[in-house]
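Novice: After the structure tokens below, expect a handful of questions from me.
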Amino acid sequence: MADLKTTLDAGGHCVLEMPSGTGKTVSLLSLIVSYMQFYPTKRKLIYCSRTVPEIEKALAELKRLMEYRAEMGANDGDFRGLGLTSRRNLCLHPEVSKEKKGKVVDSRCRDLTSAFACEKGRANPGSVPLCSYHEELNNYETGNLIPPGIYTIDDVKKYGKEKGVCPYFTIRRMLPFLDVVIYSFHYLLDPKVAEQVSAEMSKESIVVFDEAHNIDNVCIESLSIDLTRPMLDSAARSVNKISDKIAEIKETDSQKLEDEYKKLVEGLQEANEAREDEDMMVSPVLSKDMLDEAVPGNIRKAEHFIAFLKRFIEYLKTRMRVLHVVAETPQSFLAHLKEITYIEKRPLKFAAERLTSLVRTLELTNIDEHYSLQKVASFGTLVATYEKGFLLILEPYETEHATVPNPIFHFTCLDPSLAIAPVFERFSSVVITSGTISPLDMYPKILQFRPVTEQSYPMTLTRNAFLPMVITRGSDQVPISSRFEVRNDPAVVRNFGSILIDMAKTVPDGVVAFFPSYLYMESIVSAWYDMGILSEVWKHKLLFVETPDAMETSIALRNYREACNNGRGAVMLSVARGKVSEGIDFDHNYGRAVIMFGIPYQYTESRILKARLEFLRDNHRIRENDYLTFDAMRHAAQCVGRVLRGKTDWGLMVFADKRFARQDKRAKLPKWINAYITEAHSNLSTDVSIALAKKFIRQISQPFDHTQTGISLWTLEDIEKRQLQDKLEAEQAEIELKKSMANGNGNMRNGHGGDGQDLDMEVDADFVMDDYNQLDDDQLAMLDIPDEL
């Protein structure tokens with residue numbers, strides 16, 4: 001909290017690594033809320049988290065905090081806090097809310113709530129279907145759509161049902177008036193969405209990125225686009241549909257197209273007003289001055305723009321016929337494009353915005369059908385806007401050994417700082433925090449910013465609540481590793497299996513095992529099945545497996561929890577970088593041990609990864625191996641960190657790979673984990689580790705008084721005592737420094753000057769006296785000062 005306050009006072013950014021499960025969310029919220037109340041100009045907190053469960057948790061913490069502040073007599077007045085998530089999670093409309101896909105929900109919602117639908121529906125009731133929940137909002141005053149207070153996502157839905165108002169638009173319209181807004185990273189980092197949602201946020205806001213260990217990947221994803229052959233076919237169909245629509249409107253209502261043309265001459269800003277409800281066809285980032293510019297003449301007319309899109313799509317299709325890998329810079333792509341199709345860079349820059357304007361003019365419905373066309377237009381805009389930090393890669397085949405072409409055009413962002421730069425420029429304080437963000441200096445390098453504070457905090461626990469162990473070899477002394485050369489060696493596979501069997505026997509309730517990839521997990525599990533290892537595990541616990549399918553995984557998780565609750569016990573086999581390793585907590589009996597089978601390195605043959613590594617090497621002098629190890633270790637730490645979710649929780653962390661014993665790998669683990677890996681526990685065989693685990697579980701299961709204050713839980717007196725101690729230590733250090741300076745000067749004066757003259761002794765005493773005259777009696781009493789002085 002003290003470091004956070006220093007950062008906010010300095011008006012700078014910081015990177016903080018706090019152990020997971022020790023109350024980092026509530027520490028951040030409580031300090032920032034108090035800070036906001038103390039400095040009324042800084043009256044907004046933008047809190048970004050990765051997943052919906054994390055957003056829910058942060059809202060619940062904030063709710064408890066505000067209730068506690070009220071109990072303690074704080075007068076927070078009309079303090080409001082809300083969390084924003086997608087329409088799919090918030091919709092109440094009886095028909096639309098039944099849709100499963102987010103894109104379809106967005107599209108159907110837009111048909112019922114867009115400006116032109118509302119205009120028609122209000123002028124002529126019953127002519128077009130409207131959403132009653134959205135219409136009801138117009139009966140409330142703008143800044144007061146919901147009473148003051150903190151609302152979780154369920155609370156807002158409940159309020160919406162009671163009052164008959166739309167939860168999504170309630171939150172969207174309230175954004176400028178909220179004190180705290182909690183939402184996903186994308187609302188701030190993805191230029192396609194940020195322009196819509198976060199444009200009105202005040203510059204005085206404090207921004208927090210929680211669980212930000214993956215923030216560089218989020219930045220890169222938000223500026224990258226992949227195009228496939230089926231997408232281009234779908235885009236071509238969309239262009240034809242729109243072309244027919246234009247012909248139809250020309251006959252019935254040509255004035256509409258003329259009005260749009262006039263607006264486009266004045267600039268895009270004019271054409272794209274009334275955007276609140278229309279964030280379906282959003283475009284990538286365009287600077288402010290570009291939006292005020294007139295749209296290039298050759299795409300102002302609707303039919304000219306459609307012809308322009310047709311040419312661009314045909315060009316992309318011909319490029320996809322190539323059967324070898326192509327990698328090129330945006331400049332080279334644009335030069336070739338101009339040579340073949342005469343499409344200039346400037347009109348291409350406006351493609352996405354021009355399409356948005358056209359869709360609005362034509363009042364198109366079922367917008368999800370045109371999703372591919374929107375992607376192609378965004379692709380054009382991005383290629384024409386950015387020159388540095390991007391690469392175009394055309395891969396004709398899906399895998400190395402495929403014989404049937406299935407081309408993918410990747411427009412890949414290599415520089416994560418491009419997406420986050422506007423955030424650092426705009427907001428005075430940005431806090432980047434996570435439980436696993438080591439080594440700290442990597443993030444400022446790759447995101448290109450200067451933090452005021454960089455800190456990694458140790459774990460303050462009343463007792464050692466977790467036991468990290470590195471298993472380097474099996475009971476048969478064969479080294480274990482997930483390295484490519486030995487990963488399928490039967491001895492290694494069998495040793496991995498025996499670790500799982502022994503852990504299933506020893507550890508009560510839930511055990512979670514992580515593998516580097518789905519492919520590796522599949523091969524190991526099938527080998528275990530043949531070796532009879534799985535049937536051994538089944539004797540002690542049930543087995544559940546994470547799959548790439550989100551629905552299947554959530555069913556597996558539900559059953560896993562049930563097995564842990566009813567005493568049968570369970571093992572969850574999952575993948576690092578998967579859904580389970582990120583947002584899901586295995587607190588208390590749901591995770592008494594986490595086993596990391598191997599180091600989760602990325603697939604290094606990926607061309608996109610190779611290009612990114614080259615970029616990091618050339619621009620930031622980060623060696624390939626350093627980055628890959630950093631990336632693998634942050635994911636490994638993220639996986640094992642799932643075991644500890646609170647001060648009363650306990651568990652085992654097992655690193656099963658001989659490479660974890662090496663110092664260069666361990667140094668990249670967070671401080672709070674590394675501090676507990678003793679030399680004795682960093683090179684174990686399976687049988688020794690099981691003996692240690694049994695001993696640890698026996699000790700930790702003894703009755704224990706969790707309320708021991710003064711160690712992991714501090715009262716106000718403890719804090720004041722600590723602050724006083726820090727203050728005295730600082731003063732003592734200052735006095736010592738002055739004393740040594742005084743002695744240093746005295747020695748110089750007692751000796752001879754450089755030219756052999758004697759120096760005046762009296763000056764020394766005056767110098768020292770001046771210094772000591774500034775101290776008060778208590779401080780003087782602390783020093784041992786000779787009486788003559």
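The values are calculated or read from the model by the stated rules, or taken from the named source; none is laboratory data. Only a predicted model underlies this, so the values are computations on that prediction, with no experimental measurement involved. Neighbour counts run over all protein chains shown; Cβ positions are idealised from the backbone, glycine included. Just so you know, the surface numbers come from the protein's heavy atoms only, side chains and all, with ligands and any DNA or RNA stripped out. Shrake-Rupley method; radii C 1.70, N 1.55, O 1.52, S 1.80 Å.
Novice: Does at least one position in the range 105-123 carry a residue that is farther than 29 Å from residue 716 by Cα, aliphatic (A, V, I, L, M) and in the same structural domain as residue 173 (by TED's automatic domain parsing)?
Specialist: Of all residues in the range 105-123, those farther than 29 Å from residue 716 by Cα come to 105-123.
Checking the rest, the ones that are also aliphatic (A, V, I, L, M) come to 105, 112, 115, 117, 123.
From what's left, in the same structural domain as residue 173 (by TED's automatic domain parsing): none.
No, that holds for no residue.
Novice: Being at pLDDT 90 or above and either out of contact with any strand residue (DSSP E or B) (no Cβ under 6 Å at 6 or more places or on another chain) or in the same structural domain as residue 645 (by TED's automatic domain parsing) (or both) is the requirement here; does residue 541 meet it? First the steps, then the outcome.
Specialist: Numbers: at pLDDT 90 or above: yes; either out of contact with any strand residue (DSSP E or B) (no Cβ under 6 Å at 6 or more places or on another chain) or in the same structural domain as residue 645 (by TED's automatic domain parsing) (or both): yes.
Yes; evaluated as a whole, the condition is true for this residue.
For (1) touching a residue at least 40 places away in the same chain (Cβ under 8 Å); (2) crowded, with 22+ Cβ neighbours inside 10 Å, each residue gets a yes or a no:
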site	(1), (2)
601	yes, no
605	yes, no
612	yes, yes
620	yes, no
623	no, no
626	no, no
642	yes, yes
654	yes, yes
669	yes, yes
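Novice: Could I ask something else about it? Of all residues in the range 124-162, which are among the aromatic types (Phe, Trp, Tyr) and not in a loop (DSSP other than H, G, I, E, B)? If you could, list the steps in order and put the result at the bottom.
Specialist: Start the filter on the range 124-162 by keeping residues that are among the aromatic types (Phe, Trp, Tyr), which leaves 133, 140, 151, 159.
The answer is 133, 159.
Novice: Out of curiosity, is residue 331 under 30 Å from residue 85 (Cβ atoms) and either out of contact with any helix residue (DSSP H, G or I) (no Cβ under 7 Å at 6 or more places or on another chain) or at pLDDT below 90 (or both)?
Specialist: On the way: under 30 Å from residue 85 (Cβ atoms): no; either out of contact with any helix residue (DSSP H, G or I) (no Cβ under 7 Å at 6 or more places or on another chain) or at pLDDT below 90 (or both): yes.
Considered against the rule, which asks whether it is under 30 Å from residue 85 (Cβ atoms) and either out of contact with any helix residue (DSSP H, G or I) (no Cβ under 7 Å at 6 or more places or on another chain) or at pLDDT below 90 (or both), residue 331 comes out as no.
Novice: Condition test on residue 452, is it at pLDDT 90 or above and over 21 Å from residue 610 (Cα atoms)? Step through it out loud before you land on a result.
Specialist: Details: at pLDDT 90 or above: yes; over 21 Å from residue 610 (Cα atoms): yes.
Yes; evaluated as a whole, the condition is true for this residue.
Novice: Any residue at all in the range 349-369 that's under 30 Å from residue 455 (Cα atoms) and open to solvent by less than 10 Å² (accessible area, probe 1.4 Å)? Break it down stepwise before answering.
Specialist: Residues of the range 349-369 under 30 Å from residue 455 (Cα atoms): none.
No, that holds for no residue.
Novice: Could you check, for the range 695-717, whether at least one of its residues is without any contact (Cβ under 8 Å) to a residue 24 or more places away in the chain and either surrounded by 14 or more Cβ atoms within 10 Å (Cβ to Cβ) or touching a His at 6+ places or on another chain (Cβ under 7 Å) (or both)? Step through it out loud before you land on a result.
Specialist: Step one: of the range 695-717, the residues without any contact (Cβ under 8 Å) to a residue 24 or more places away in the chain are 695, 698-699, 701-703, 705, 707, 709-710, 714-717.
Narrowing the set further to residues that are either surrounded by 14 or more Cβ atoms within 10 Å (Cβ to Cβ) or touching a His at 6+ places or on another chain (Cβ under 7 Å) (or both) leaves 714.
Checked against the condition, which is being without any contact (Cβ under 8 Å) to a residue 24 or more places away in the chain and either surrounded by 14 or more Cβ atoms within 10 Å (Cβ to Cβ) or touching a His at 6+ places or on another chain (Cβ under 7 Å) (or both), the range 695-717 yields at least one hit.
Novice: List pairs: first residue in the range 525-536 and without any contact (Cβ under 8 Å) to a residue 24 or more places away in the chain, second residue among the hydrophobic types (A, V, I, L, M, F, W, C) and in a helix (DSSP H, G or I) anywhere in the structure, Cβ distance under 6 angstrom, at least six positions apart or on different chains.
Specialist: Close Cβ pairs (under 6 Å, with a partner that is among the hydrophobic types (A, V, I, L, M, F, W, C) and in a helix (DSSP H, G or I)) amount to 534/528.
Novice: Give just the number: which of (1) open to solvent by less than 60 Å² (accessible area, probe 1.4 Å); (2) more than 31 Å from the chain's Cα centre (by Cα) does residue 521 not satisfy?
Specialist: Every condition holds for residue 521 apart from (2).
Novice: Which of the residues that make up the range 163-195 are in contact (Cβ under 8 Å) with a residue 60 or more places away in the chain, part of a helix (DSSP H, G or I) and under 22 Å from residue 210 (Cα atoms)?
Specialist: Scanning the range 163-195 gives 171, 172, 175, 187, 188, 189, 191, 192, 193, 194, 195.
Novice: Working only within the range 429-461, note down all residues that are open to solvent by 40 Å² or more (accessible area, probe 1.4 Å) and out of contact with any Cys (no Cβ under 9 Å at 6 or more places or on another chain).
Specialist: Restricting attention to the range 429-461, the residues satisfying the condition of being open to solvent by 40 Å² or more (accessible area, probe 1.4 Å) are 441, 445, 448, 450, 452, 454-455, 457-458, 460.
Within the range 429-461, 441, 445, 448, 450, 457, 458, 460 qualify.
Novice: Then there's this: Residue 580 is checked against (1) surrounded by 19 or more Cβ atoms within 10 Å (Cβ to Cβ); (2) modelled with pLDDT of 85 or more; (3) within 23 Å of residue 58 (Cα to Cα) and fails just one. What number does that condition carry?
Specialist: Among (1) surrounded by 19 or more Cβ atoms within 10 Å (Cβ to Cβ); (2) modelled with pLDDT of 85 or more; (3) within 23 Å of residue 58 (Cα to Cα), the lone unmet condition for residue 580 is (2).
Novice: Residue 38 - would you say it is of a type in the set (Phe, Trp, Tyr) and either open to solvent by 80 Å² or more (accessible area, probe 1.4 Å) or in contact with a Ser or Thr (Cβ under 6 Å, 6 or more places away or on another chain) (or both)?
Specialist: yes
Novice: If you check every pair at least six apart or on different chains, which have Cβ atoms under 7 Å apart with a residue in the range 469-485 that is farther than 19 Å from residue 680 by Cβ first and a residue that is among the hydroxyl-bearing types (Ser, Thr, Tyr) and outside any strand (DSSP E or B) second?
Specialist: From the range 469-485, the pairs are 482/520.
Novice: From 574, 526, which residue is polar (S, T, N, Q), crowded, with 20+ Cβ neighbours inside 10 Å and modelled with pLDDT of 90 or more?
Specialist: Residue meeting the stated conditions: 574.
Novice: Does residue 68 satisfy being farther than 26 Å from residue 200 by Cα and either open to solvent by 30 Å² or more (accessible area, probe 1.4 Å) or not assigned by TED's automatic domain parsing to the domain that holds residue 186 (or both)?
Specialist: Details: farther than 26 Å from residue 200 by Cα: yes; either open to solvent by 30 Å² or more (accessible area, probe 1.4 Å) or not assigned by TED's automatic domain parsing to the domain that holds residue 186 (or both): yes.
It is true that residue 68 is farther than 26 Å from residue 200 by Cα and either open to solvent by 30 Å² or more (accessible area, probe 1.4 Å) or not assigned by TED's automatic domain parsing to the domain that holds residue 186 (or both).
So that you can scan it fast, the table gives a plain yes or no per residue for (1) crowded, with 21+ Cβ neighbours inside 10 Å; (2) over 30 Å from residue 9 (Cα atoms):
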position: 213; (1), (2): yes, no
position: 227; (1), (2): yes, yes
position: 249; (1), (2): no, yes
position: 257; (1), (2): no, yes
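Novice: Among (1) touching a Pro at 6+ places or on another chain (Cβ under 8 Å); (2) open to solvent by 50 Å² or more (accessible area, probe 1.4 Å), which single condition is residue 482 missing?
Specialist: Every listed condition holds for residue 482 apart from (2).
Novice: May I ask you to verify whether residue 123 is open to solvent by 60 Å² or more (accessible area, probe 1.4 Å) and aliphatic (A, V, I, L, M)?
Specialist: Working: open to solvent by 60 Å² or more (accessible area, probe 1.4 Å): yes; aliphatic (A, V, I, L, M): yes.
So residue 123 fits the description; yes.
Novice: Would you tally the residues in the range 109-123 being acidic (Asp, Glu) and in a loop (DSSP other than H, G, I, E, B)? First the steps, then the outcome.
Specialist: Here is the first cut: in the range 109-123, the residues acidic (Asp, Glu) are 111, 119.
Next, only the ones that are in a loop (DSSP other than H, G, I, E, B) stay: none.
Going through the range 109-123 one residue at a time, the tally reaches 0.
Novice: What helices (runs of 4 or more DSSP H) completely inside the range 579-677 contain at least 3 residues that are within 27 Å of residue 492 (Cα to Cα) and touching a strand residue (DSSP E or B) at 6+ places or on another chain (Cβ under 6 Å)? If you could, list the steps in order and put the result at the bottom.
Specialist: Numbers: elements: 579-583, 607-620, 624-640, 663-666, 671-674.
Ranges flagged: 624-640.
Novice: Same structure, new question: Only one of these conditions is not met by residue 720: (1) part of a helix (DSSP H, G or I); (2) under 21 Å from residue 19 (Cα atoms); (3) open to solvent by 30 Å² or more (accessible area, probe 1.4 Å). Which number is it?
Specialist: Every listed condition holds for residue 720 apart from (2).
Novice: How about the range 678-694: which of its residues are part of a loop (DSSP other than H, G, I, E, B) and surrounded by fewer than 17 Cβ atoms within 10 Å (Cβ to Cβ)? So that I can check it myself, show each step before the final result.
Specialist: Start the filter on the range 678-694 by keeping residues that are part of a loop (DSSP other than H, G, I, E, B), which leaves 678, 682-683.
Those that are part of a loop (DSSP other than H, G, I, E, B) and surrounded by fewer than 17 Cβ atoms within 10 Å (Cβ to Cβ): 678, 683.
Novice: Name the pairs whose Cβ atoms lie under 6 Å apart, with the first residue in the range 1-28 and without any contact (Cβ under 8 Å) to a residue 40 or more places away in the chain and surrounded by fewer than 19 Cβ atoms within 10 Å (Cβ to Cβ), the second in a loop (DSSP other than H, G, I, E, B) and of a type outside the set (D, E, K, R), and 6 or more positions between them or separate chains?
Specialist: 27/1
Novice: Please pick out the residue among 483, 463 that is assigned to a loop (DSSP other than H, G, I, E, B), among the basic types (Lys, Arg) and in contact with an Asp or Glu (Cβ under 9 Å, 6 or more places away or on another chain).
Specialist: Values: 463 fails: in contact with an Asp or Glu (Cβ under 9 Å, 6 or more places away or on another chain).
Just one listed residue meets the conditions, 483.
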